[in-house]
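Asker: One structure coming up, written as structure tokens, with questions to follow.
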Amino acid sequence: MVNINRIILIVLDSVGAGELPDAAKYGDVGTNTLKHIFEQKDENFVLENMGKLGLYNIVPSPYGYNPENIVGCYGKMATLSPAKDTTAGHWELSGIVLDKPFPTYPNGFPKDLIEEFEKQIGTKILGNCVASGTEIIKRLGQEHYKTGYPIVYTSADSVFQIAAAEDGEKFGGLKRLYEICEIARNLLQGEHAVGRVIARPFIRMEDGTLKRTTNRKDYSLTPPQTTVLDKIKNVGGNVVAIGKIKDIFNNKGIVTSYHTVGNPHGIQLTIDSVKDIENTDNKKFNKQLIFTNLVDFDMLWGHRRNVIAYAQALDFFDGKLPEIIRSMKETDLLIITADHGCDPTCTKHTDHTREYVPLMVYGKRIKQNINLGTRKSLSDVAQTIADIFELEPMKNGTSFKNEII
């Protein structure tokens, strides 16, 4: 019997694997993040290492590439929750399936809600509209510097986003931005309980252009149910959150967390965490989960519809994958997946896309070249982790432990 006591779960944020059956409800018919990136590149673009884990068995190469030796187990997963956002995707990976979507505001936020927010922060706001993050600061950034008023906007996702300048004297800087985000999070409850309040800081460059910084911060709702993270922590295990995982779960079920400033940093922190089998106080844990989100796929290239940069980022991760695998112990398990899609070739909108997500699983002691099929829910990951760690079963999901071990 293989005794796995540590699992590395890496979420390639927005790396979708083809439209879900209900994609039409979301305006996402025909979307397929990976397939369309492959098609935009030539036959020399090969993700060799993910290919060995079964990637091209999930989304075939348009040029017929397929590695000879598959060492991973592979499949794809559907999202059961009626949403296509980050919070819903990650919560489902942890075992929570939403009954209803988080509220969205395609026409901006209600007047009375904005007025109450302005009252609580003591100033007017700019915006209150649907917009992309880069477009809104181009349009309202200079007025923000003149007035000190924060910029409020949303998207097709359930988000209340606040953009403000770190170097804006009239506004008050990064600390002030975080403070008013906390005010918004406390205000946005009940019928207006959006999935996330997001701080979107920016600065003015020497040439006068405005650029978003890496000091983004997400303020999510607290998960309403017990997650697999909670179960691990409650039995004395270690949950290491890398990237925005801590924010997505509002620190619930987290033991150790690391902020990241981009995909390369998140990948390196993951490698460092895999190499470090002890925690900060030198206590060895019997059960460990390293949970990483690599947000740049989504934030920098999916939403901005930058196919070339998205492909380059996939290639970079693929190049670092052997180092992650070399760092793993015999008793480690690696799971690579995503939370939703964000097809950079989509011309209908710039939001997330309703897609399956890839599932690639690898361990030095587990079976190889096993087709895990099409899973009904992202919560299969949580159920499998609970099964492997011999925890109480999750409410949702079907374990694939016996298929890989």
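The values are calculated or read from the model by the stated rules, or taken from the named source; none is laboratory data. All values reported here derive from a predicted model rather than from experimental measurement. Reconstructed Cβ throughout: ideal geometry from the backbone, glycine too, with neighbour counts over all protein chains shown.
Asker: Search the range 167-219 for residues being polar (S, T, N, Q) and under 25 Å from Lys84 (Cβ atoms), and hand back the single one that is nearest to the chain's Cα centre (by Cα).
Answerer: Thr214
Asker: Now a separate question. Among helices (runs of 4 or more DSSP H) lying entirely in the range 12-114, which contain 1 or more residues that are surrounded by fewer than 24 Cβ atoms within 10 Å (Cβ to Cβ)?
Answerer: Counting at least 1 such residues, we get 33-40, 48-52, 55-58.
Asker: Which of the residues belonging to the range 150-166 are outside any strand (DSSP E or B) and under 17 Å from Tyr178 (Cβ atoms)?
Answerer: If the condition is that a residue be outside any strand (DSSP E or B) and under 17 Å from Tyr178 (Cβ atoms), then Pro150, Glu166 are the ones that fit.
Asker: With the structure loaded, tell me whether Met360 is part of a loop (DSSP other than H, G, I, E, B), crowded, with 21+ Cβ neighbours inside 10 Å, aliphatic (A, V, I, L, M) and assigned by TED's automatic domain parsing to the domain that holds Gln288 or whether it fails that test.
Answerer: no
Asker: Looking only at the range 373-386, how many residues end up being in a helix (DSSP H, G or I) and surrounded by fewer than 20 Cβ atoms within 10 Å (Cβ to Cβ)?
Answerer: 0
Asker: If the requirement is being at pLDDT 95 or above, over 15 Å from the mean Cα position of the chain (by Cα) and hydroxyl-bearing (Ser, Thr, Tyr), which of these qualifies: Thr280, Thr331, Thr345, Thr350?
Answerer: Thr345
Asker: Another question, if that's okay. For the structure I just gave you, tell me whether Asp28 is in the same structural domain as Phe316 (by TED's automatic domain parsing), modelled with pLDDT of 95 or more and in contact with a Lys or Arg (Cβ under 6 Å, 6 or more places away or on another chain).
Answerer: Taking the combined requirement at face value, the residue satisfies it.
Asker: Still on this structure, please answer the following. Answer yes or no as to whether Lys231 is among the charged types (D, E, K, R) and either over 29 Å from Asp276 (Cβ atoms) or at pLDDT 95 or above (or both).
Answerer: So Lys231 passes the test.
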